[in-house]
1. With the calculation restricted to Cα positions, what are the radius of gyration and Dmax of the stretch 58-110 in angstrom?
2. Taking the Cα centre of the stretch 292-387 as origin, sum charge times position over the Cβ atoms of Lys and Arg (+1) and Asp and Glu (-1), and report the length of that vector in debye to the nearest 20.
3. Mind computing the radius of gyration and Dmax over the alpha-carbon atoms of the stretch 172-329? Å is fine for both.
4. I want the local charge near Met269. Using Cβ-Cβ distances under 10 Å, sum +1 for each Lys or Arg and -1 for each Asp or Glu among the other residues.
5. How much net charge surrounds Gln321 when only other residues with a Cβ under 12 Å from its Cβ are counted (Lys, Arg +1; Asp, Glu -1)?
6. What's the local net charge at Gly288, with K and R +1, D and E -1, over the other residues with C-beta under 13 Å away?
7. Among the aspartates and glutamates, which fall within straight-line cross-link reach of Lys250, defined as a Cα-Cα distance under 14 Å, with same-chain neighbours fewer than 8 residues apart omitted?
8. Suppose each label sits 7 Å from its Cα in the direction of the beta carbon; what would the Gln371-Thr331 distance come out to in nanometres?
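Coordinate-derived values only; no laboratory data. Owing to the predicted nature of the structure, the values given are computational and were not obtained by experimental measurement. Positions of Cβ are generated from backbone atoms using ideal geometry, with glycine treated the same way; all protein chains shown enter the neighbour counts.
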Amino acid sequence: MASSGGSSVKSSNGNARGGFNPSTGRSSTLNNNNGGGGGTVGAGGGGSLSSEDGSTLSYHATTIIKTIKCHYLWTISNYTFVKDKDESIKSPKFTTPDGTEWYLRVHPLGFNRDVPERNFVSAYLCVHQPNNGHVQAKHRGKILSFDDDINEALKTMERSAKMGKVDCFTRDNFSWGWPEFISHNDLFEEEKKFLLNDSIRILWYLEILVEVESSTNRIDCPRMTLGIDFGDLLKTGRSSDVIIKSGDGKEYRAHKLIISQRSKYFEAMFSHPTKENNKATVDLPDPGDIIGLLLEFMYTDRVTNSAAFTEHLLVAADKYQIDNLKRQTETELISRITVDNVTQFFVMACNYNAECLKRECKMHIASNLRQVIKTPGWQELKDSEEGFGLATELLDMQIGREVSGDNQESMA
């Protein structure tokens with residue numbers, strides 16, 4: 001049966017990738033025809049970022065793969081005069097719209113001269129002058145019988161090429177094709193009508209990658225105003241139903257429904273018949289700056305100018321059971337861990353159930369133990385209950401390392 005490209009495209013030296021300098025040969029009398037088309041493949045992506053003012057910056061990216069589709073029909077007449085020649089036959093050159101020059105090459109006795117029985121015709125697509133040093137293409141070749149419809153054959157070849165790999169044509173690897181393009185038995189079998197009036201027709205389909213274009217467009221999206229609107233509600237005190245009074249006398253007008261939703265402490269306070277629930281003012285012992293930041297977070301899910309109060313916010317977030325704020329302050333404190341302050345942060349993490357911060361502190365102490373034990377903070381920590389538990393863990397870790405090392409040495 002005639003090959004339509006086979007399942008394995010190879011360079012003309014028979015390897016998966018490699019170059020070849022073809023032997024020169026006499027060109028046959030031939031006719032050629034080529035056609036062109038084009039195609040694009042687009043891939044889109046999107047993403048968005050939230051800016052500090054609550055607005056959303058949205059982007060959409062598109063990558064377009066531009067290709068050129070071509071076909072080339074090569075008719076070789078008086079083929080039986082060359083069927084036994086151990087030379088290659090080259091087609092006339094043809095130029096695709098991207099400026100690349102191509103030609104086909106056929107070996108009537110097959111490319112591989114080392115096989116005992118040379119029963120196959122080899123065929124290759126070759127680039128004469130690669131544009132920009134290399135050309136990437138998908139391609140398929142087929143010997144047409146004289147009953148074949150060219151348009152139907154091209155449709156089949158295009159579908160097959162789409163599923164195949166891309167070959168890269170360069171000055172070194174300038175030819176790709178099939179060493180066993182068609183067997184001599186198939187080619188010369190009268191019923192298959194590949195050879196009519198002593199002529200054969202080779203059809204080659206190729207799709208060439210010519211350009212990759214990428215672009216990113218900014219899309220204007222409506223601002224995310226929920227945090228802004230709730231922040232304004234806190235600032236103006238509009239429709240408030242409770243006053244939060246700090247330990248230093250600062251007052252903040254708030255809304256029971258909002259702060260109950262954001263804090264389990266206030267949820268318990270305002271969901272039961274407590275004296276605070278029946279009063280217009282709730283007194284809290286914490287400083288006004290801390291109360292203000294807590295309320296800001298509960299209304300807007302963010303806090304501003306809080307760097308100097310991070311440790312205080314961790315304590316307050318634990319006290320008033322504002323879980324998201326507690327996680328954020330733990331993350332911020334973890335980024336600040338040093339040899340000098342790690343013991344202080346460790347004690348704080350133990351006292352206020354900050355498990356993430358506690359874990360990171362232990363890892364930092366274990367990794368820098370020689371430096372940490374020289375700090376004043378370690379001298380205070382080692383005599384405390386937290387320090388005793390930590391020392392026990394560190395000792396267990398050290399014993400575990402030594403046992404593991406001994407086991408590895410014995411295995412070696």
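1. 18.9, 68
2. In debye, rounded to 20, the stretch 292-387 gives about 280.
3. Looking at the stretch 172-329, its Cα Rg and Dmax stand at 36.9, 109 Å.
4. +1
5. Working: positive: Arg262, Lys264, Lys319, Lys326; negative: Glu267, Asp318, Asp323.
Spelling it out: positives minus negatives among the neighbours equals +1.
6. -4
7. Asp283, Asp286, Asp289
8. Distance between label points: 2.6 nm.
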